[in-house]
Amino acid sequence: MELLNLHFAILLIKVIICVIPGVVGLALIFNSTEGKRAWRDTICRVMFGFPNAVSFQKFARFLLICGLLLMSFSAIASWFLLLKDLFQS
């Protein structure tokens, strides 16, 4: 019996697709205020040339929305890629 067969490799790819967006979404939502300000300053400095181009409230709201969308994607992907196979068996 092979240690790594095709079905196991496909399962690992499915799990990665389901878990990574959820982890990134949680990081976007639960990061500290100082971390969010540092992200905003870096992104604004790269895109616009100065660190305060976007207000912090709008940036924090954008991070919250993106985090919720990524967590929703993770839940939906988990349903279709992992749980659907369990219920059909």
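All of the numbers you see were taken from the coordinates with simple rules; none came from a lab. All of these numbers come straight from a predicted model, not from anything done at the bench. Cβ placement follows ideal geometry from the backbone for every residue including glycine, while neighbour counts extend to all protein chains displayed.
Miscellaneous remarks
- For Lys36, the lysines whose Cα falls under 28 Å of its own Cα, not counting residues fewer than eight places away in the same chain, are Lys58.
- Listed options for semi-axes √(5λ) of the Cα gyration tensor in Å are [x] 25, 13, 12; [y] 37, 15, 9; [z] 36, 15, 12. The value calculated from this structure is the one marked [y].
- The angle separating the long axis of helix 33-48 from the principal Cα axis of greatest extent in the chain is about 80 degrees.
- Under 17 Å from Lys84, Cα to Cα: lysines that are on another chain or at least 8 residues apart: Lys14
- Unit charges on C-beta of K, R, D, E only; dipole of the chain, Debye: 440
- Lys/Arg +1, Asp/Glu -1 at C-beta; the chain dipole; positive extreme among Ala53, Asn5, Leu28: Ala53
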